[in-house]
Amino acid sequence: MKYVLNHEGKLYRKFFEEIAAIPHESFHEKELSDYIVRFAEKRGLWHRQDEIWNVIVKKPAAPGYEDHAPVMLQGHMDMVCVKRPGSNHNFETDPLQLYTEDGFLRARDTTLGADCGHGISYMLSILADDELEHPPLECLFTVQEEVGVGGPKHLDYSCLSAKRLIFTDSMEEGKPELSTTSVLGGTYTKDVPLEPVSKDSLFFKIRAGGLAGGHAAVDINKGRANAVKILARAAYRLMKTQDIRICRFWGGTLKNNIPLAMTKEDSRLLISWLLEIPSGTYAADPEDPSFPLTSRNLGTTELVAKENLARFTAGYMIRTSIKSHMEMLFDEMQILCGLFGARWEKEYDYPGYRTEPISILSVC
């Protein structure tokens, strides 16, 4: 293959480019998983690949470190798959088109896959370097992280012995993370009837754009505007003086087309519901107000029609470092959404861990 970066002395760059050449969206990680297996076989490293393509690779301790406790390195193989409007890129079959611009590595018209391609490439470079001084290593390459951290849920942990973990899917370069939040994610759903639109109706499109966006974990505390909430505010203001009905509504990356319209009452209920759904930081660290301990995020909305019925969905996520907050906020949302006739469909639920005051890894 033709490489873009200079790899001299920086083997991880070579591995990153090779990873980028292999399609690896969620649920389609097999080719990348097989690449890691071949990597391990070539170097005579112990490895195991399971039926959903998680891979474990072990490397013995460097000379002099045999009596040290093993350390686990972990990263996920799947990537965030987003492309520019109009792009013909197929994430299931096409390699990423890498190039450099202003000193940065980029992918043409698509996401770069550095989450968590950078971590995977560093793990491979550590496994490939026989001059490093290190304890026994257990490298865990998981799948389906971007769709609810599915890979680790099906992993056979009996072949792992490490009690210390360094995960490579961190948010800021050069800053280790000593805790993670518990996460509950899923969709609130409401079914509504549709009715024909009169011939003399006027149609208007309201669009919210030009916003900064960001990650629901690291940017939730920055007070950035939520496009869905802005649209709901605009529609609610119109409803105060006009008889409007919703024909289409979407946010995030989902789109559809509705030939009929919701009733006036259901349109009002839907907009009122979106206005009431809380989104943003709920509680911050008292010693560092910029660090959110608990947050909620309204991420996506979609209205899909089938004959004379429509289903409206709102993708929602709760993140918290405080265990009691999860149940409390979930109960609050259940009560709120129940008032508007919505129901919950859970997609993923996984626990986090708090920082230990005294930890071998945290003081290294």
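The values are calculated or read from the model by the stated rules, or taken from the named source; none is laboratory data. All figures in this text were calculated on a predicted structure; none of them were measured in a lab. Cβ placement follows ideal geometry from the backbone for every residue including glycine, while neighbour counts extend to all protein chains displayed.
Quick notes
- All conditions in (1) assigned to a loop (DSSP other than H, G, I, E, B); (2) more than 27 Å from residue 96 (Cβ to Cβ) hold for residue 58, with the sole exception of (1).
- Any hit, segment 201-213, residues being out of contact with any strand residue (DSSP E or B) (no Cβ under 7 Å at 6 or more places or on another chain), closer than 27 Å to residue 333 by Cβ and in a helix (DSSP H, G or I): no
- Restricting attention to segment 332-361, the residues that are more than 30 Å from residue 154 (Cβ to Cβ) and modelled with pLDDT of 80 or more total 9.
- Restricting segment 1-47 to residues that are among the aliphatic types (A, V, I, L, M) and under 23 Å from the mean Cα position of the chain (by Cα), the residue that is farthest from residue 92 (Cα to Cα): 36
- Number of positions in segment 133-155 that are among the small types (Gly, Ala, Ser) and surrounded by 22 or more Cβ atoms within 10 Å (Cβ to Cβ): 1
- So residue 185, is it at pLDDT below 95 and touching a Phe, Trp or Tyr at 6+ places or on another chain (Cβ under 7 Å): yes
One line per residue, one yes/no per condition, for (1) among the charged types (D, E, K, R); (2) assigned by TED's automatic domain parsing to the domain that holds residue 111; (3) surrounded by 17 or more Cβ atoms within 10 Å (Cβ to Cβ); (4) at pLDDT below 95:
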site: 42; (1), (2), (3), (4): yes, yes, no, no
site: 55; (1), (2), (3), (4): no, yes, yes, no
site: 59; (1), (2), (3), (4): yes, yes, yes, no
site: 64; (1), (2), (3), (4): no, yes, no, no
site: 77; (1), (2), (3), (4): no, yes, yes, no
site: 86; (1), (2), (3), (4): no, yes, no, yes
site: 90; (1), (2), (3), (4): no, yes, no, no
site: 94; (1), (2), (3), (4): yes, yes, no, no
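- Residues of segment 220-234 satisfying the condition of being closer than 22 Å to residue 82 by Cα and surrounded by fewer than 16 Cβ atoms within 10 Å (Cβ to Cβ): 224, 225
- Test for residue 205: is it loosely packed, with under 12 Cβ neighbours inside 10 Å, of a type outside the set (Ser, Thr, Tyr) and modelled with pLDDT under 80: no
- Taking every residue in segment 11-31 that is under 14 Å from residue 107 (Cα atoms) and pairing it with any residue that is of a type in the set (Ser, Thr, Tyr) and assigned to a helix (DSSP H, G or I), at least 6 positions away or on another chain, the pairs with Cβ-Cβ distances below 9 Å are 16/121; 16/122; 17/121; 18/35; 18/121; 19/35; 19/121; 22/35.
- Within segment 113-138, the set of residues being over 17 Å from residue 30 (Cα atoms), outside any loop (DSSP other than H, G, I, E, B) and touching a strand residue (DSSP E or B) at 6+ places or on another chain (Cβ under 6 Å) comprises 119, 123, 127, 137, 138.
- Residue, modelled with the highest pLDDT, within segment 1-40, restricted to residues that are assigned to a loop (DSSP other than H, G, I, E, B) and charged (D, E, K, R): 29
- Among residues of segment 48-57, those that are of a type outside the set (A, V, I, L, M, F, W, C) and under 21 Å from the mean Cα position of the chain (by Cα), counted: 1
- Consider segment 323-342 and keep the residues that are within 23 Å of the chain's Cα centre (by Cα) and surrounded by fewer than 15 Cβ atoms within 10 Å (Cβ to Cβ). The one that is nearest to residue 221 (Cα to Cα) is 323.
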